[in-house]
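Q: The structure's right below; bear with me while I get my questions together.
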Amino acid sequence: AYERRFPTCPLIPMFVASDTVSEYKSEDEAIHVIERRCKLDIDAPRLLKKIAGVDYVYFVQKNSLNRRERTLHIEAYNETFSNRVIINEHCSYTVHPDNEDWTCFEQSASLDIKSFFGFESTVEKIAMKQYTSNIKKGKEIIEYYLKQLEEEGITSVPRWTPPVACKSESSTSHTRRPVSPAINIPDSATKEGLNNKEILNTSSSPSEPTAGTPDDKLDADYIKRYLGDLTPMQESCLIRLRQWLQETHKGKIPKDEHILRFLRARDFNIDKAREILCQSLTWRKQHQVDYILDTWNPPQVLQDYYAGGWHHHDKDGRPLYVLRLGQMDTKGLVRALGEEALLRYVLSINEEGLRRCEENTKVFGRPISSWTCLVDLEGLNMRHLWRPGVKALLRIIEVVEANYPETLGRLLILRAPRVFPVLWTLVSPFIDDNTRKKFLIYAGNDYQGPGGLLDYIDKEIIPDFLGGECMCEVPEGGLVPKSLYRTAEELENEDIKLWTETIYQSASVFKGAPHEVLIQIVDASSVITWDFDVCKGDIVFNIFHSKRAPQPPKKDSLGAHSITSPGGNNVQLIDKVWQLGRDYSMVESPLICKEGESVQGSHVTRWPGFYILQWKFHNMPACATTNLPRVDDVLASLQVSSHKCKVMYYTEVIGSEDFRGSMTSLESSHSGFSQLSAATTSSSQSHSSSMISR
């Protein structure tokens, strides 16, 4: 049927003609390889054709038919403009490994545009359009020629058998490979046809035993009740993967619904699904995730300030989870709990979602394997774009994507403010393509109109804060009190770690013993960013530059202070003999930071070399007119016990262009709910720029 589309095909208007370049047939007629040069009339703008200087483009197609193995492999590549554009396409027709009466079809292609007269994006769109069109037409064309063969009376194709001479020479080998009878092509074959990664059952006698119908074939009622619609190939993949797990995997075997999620996430490619499923099962066992709902109680701060919770179900019966992200203090939660507890809480939400899916499957009498998430962004502002918080969010997404595939049925994002595109740009690359297709985003009050919430959620359960009548018991969130913030050392004593590293470090600062961090810059115009909280005392923050590296960092013994430092480290880099202006220079004006302040900022470096971030104890000035200390100074000094300060900090170096682009986006997306205030300082000495937010 496939060969009938040559030398030209009326169903493919762009396929003008083809000429045979070479042809090879093996002596036993098992192998037939033919190479053709195909002439195509691409649907492209006339101007583009004129600039390119061509009316037609030529592709070379090589078809390799192996009758012995019963495979047809088709390879194609472009001959025209091959030095500017590289296109490769591969198709294959093969016999399904479980049932020799099933035909599998797979198709893939790659496109690499190096240059095309400045029209690279246009060429890419044209190529994608043509390829998509070809995929859709492929099924229609093969059906057309199958029908044509049937009308001519050709309903069976004899299997290839070795020539008689070969049989007499190697008769023993053929006793191991019995020749199957010819295959009849019924009417159903032409109706179903072939599609990408789908199979066509062309068996004429259902009673014949085949490899695709194992003894434990899934019951049709069970599939309908718990798994949903499955093609024969999908059912076969599920059975084979489950059998493999039973034979090789020690421990708890997941339910069919869970195995099916991993298969769907990898388009029923068994090898890929097996790989990610095994990794997930190992991860679950290592971190005791199966028992998280029974053994782990969320901290009270999560129960009070995490603005999310389960709320009835949507119109399809999926459990509904409501998240008021705009009202949530992500920075405060990370500072108070650490990433471990936050991730563990998100995992418990996903485990609860799986449990609710099982319950709803029983209640509604049909398979429900995913949930719907409603995210309200009212109140989202630049505070939520705090870089370490976004970084923690991306890592959570990474863990969830790897271990809970195909669990999100739909994501409704409501009241998206202008700053949302910035957050979406940061997060979307980490979200699977299949998951992104399930996102519906509404700005302002658009969710109240046609195509809004009422299409997916019954009016009776729309939450009150969205204008509905149903009281929603989801916590309202709010700012986490800074008194609940904890240091990295305090968080280190939590139970099993799900991540190995932490974002924040803590340090102690003493009078005469500053804490310093060394950052080596190789490329000028890099950007040093920082974020720190002054947990105790007042400090002065400085940035210095030196062309030569300081001595290896030494931890202050604190012998001069007779004070131990259990809550943070103290590292000094600047040698006592170094002189400011000779050995190192100040590149930012000193910044005085009071106890309780949060400071975020950046510095665009002018030179390569060594930059030192310094947190120094702040000596309060005495009154100018008398040598006697002021009452306020005395009281303040009493509050700072033993002249000790404590800071929690995070630093990162990023490329200048990336930073400027993100800051431009932020500055053009000011939210009315923003509580940030920014001050910009500059140093004529370094021509640097800094943005400090408290």
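Q: Which entries in LYS536/LYS644; LYS62/LYS125; LYS39/LYS147; LYS482/LYS536 show an alpha-carbon gap greater than 18 Å?
A: As for pairs spanning more than 18 Å Cα to Cα, those are LYS62/LYS125; LYS39/LYS147.
Q: Ordering HIS312, HIS258 by how much accessible area each has at a 1.4 Å probe, largest first, what is the list?
A: My answer, sorted largest first, is HIS312, HIS258.
Q: Can I ask one more? Over the Cα atoms, compute the radius of gyration (one decimal) and Dmax (the largest Cα-Cα distance, rounded to a whole number) for segment 263-345, in Å.
A: In order Rg, Dmax, the Cα atoms of segment 263-345 give 16.7, 44 Å.
Q: Right, another one. Take segment 290-483, drop everything but the C-alpha atoms, weight them equally and run the Debye formula without solvent; then report log10 I(q)/I(0) at 0.11 Å⁻¹ to two decimals.
A: For the requested q values the scattering log ratios are -0.49.
Q: Between GLU597 and GLU69, what is 0.36 nm times their sequence separation minus the Cα-Cα distance? Round to one decimal in nm.
A: Between GLU597 and GLU69, full extension yields 182.9 nm more.
Q: Might you tell me the accessible area per residue for segment 220-287, computed with a 1.4 Å probe and given in Å²?
A: Computed with neighbouring chains in place, this is 55 Å² per residue.
Q: Taking the inverse of the average 1/r across all pairs of different Cα atoms in segment 290-405, what Kirkwood radius in Å do you get?
A: 15.2 Å
Q: Express in Å², to the nearest 10, the accessible area of TRP615 obtained by rolling a 1.4 Å probe over the protein heavy atoms while all chains stay in place.
A: Spelled out: TRP615, probe radius 1.4 Å, area about 0 Å².
Q: Additional query: Say the cut-off is 30 Å between C-alpha atoms; which of LYS224/LYS391; LYS437/LYS459; LYS129/LYS459; LYS362/LYS459 go over it?
A: Over 30 Å apart, Cα to Cα: LYS224/LYS391; LYS129/LYS459.
Q: Calculated FRET efficiency, THR132 and ASN569, Cβ-Cβ r, R0 56 Å, to nearest 0.05?
A: 0.45
Q: Another one. Leaving out ligands, DNA and RNA but keeping every protein chain, what accessible area does ARG84 have, in Å² rounded to the nearest 10, with a 1.4 Å probe?
A: Probe radius 1.4 Å; accessible area of ARG84 about 70 Å².
Q: Calculate what fraction, in whole %, of the accessible area of segment 220-287 sits on carbon and sulfur atoms when a 1.4 Å probe is rolled over the protein chains.
A: Of all accessible area on segment 220-287, carbon and sulfur atoms account for 47 percent.
Q: Please give the length that would be gained between GLU398 and ILE654 if that part of the chain were fully extended, namely 0.36 nm times their separation in residues minus their C-alpha to C-alpha distance (nm, one decimal).
A: Roughly 90.0 nm would be gained on extension.
Q: Put CYS472, CYS357 in order of accessible area, largest first, 1.4 Å probe: what do you get?
A: So the residues, ranked largest to smallest area, are CYS472, CYS357.
Q: Sorting check: for 277-283, 1-7, 376-382, which peptide has the highest mean count of neighbouring beta carbons within 10 Å, and how do the rest follow?
A: Taking the mean over residues of other Cβ atoms within 10 Å, the ranking is 376-382, 277-283, 1-7.
Q: Next question. Output the Kirkwood hydrodynamic radius of segment 220-287, Cα pairs only, in Å rounded to one decimal.
A: Value: 12.3 Å, from the Cα pair sum.
Q: Between THR282, LEU230, GLN243, whose Cα lies farthest towards the positive end of the dipole of segment 220-287 when Lys and Arg beta carbons carry +1 and Asp and Glu beta carbons carry -1, centred on the Cα centre?
A: Among THR282, LEU230, GLN243, the one farthest towards the positive end of the dipole of segment 220-287 is THR282.
Q: For segment 2-152, which whole-number percentage of the solvent-accessible area (1.4 Å probe, protein heavy atoms only) is attributable to carbon and sulfur atoms?
A: Of all accessible area on segment 2-152, carbon and sulfur atoms account for 51 percent.
Q: Another question, then. Per residue and in cubic angstrom, what volume does the convex hull of the Cα atoms of segment 2-152 have?
A: Cα-based convex hull of segment 2-152, divided per residue, equals 132 Å³.
The values are calculated or read from the model by the stated rules, or taken from the named source; none is laboratory data. Everything numeric here is computed off the predicted structure, so don't read it as measured data. Ideal geometry is used to build each Cβ from the backbone, glycine not excepted, and the neighbour counts take in all protein chains shown. Heads up: the accessible areas ignore ligands, DNA and RNA and are worked out on the full protein's heavy atoms, side chains in. Shrake-Rupley method; radii C 1.70, N 1.55, O 1.52, S 1.80 Å.
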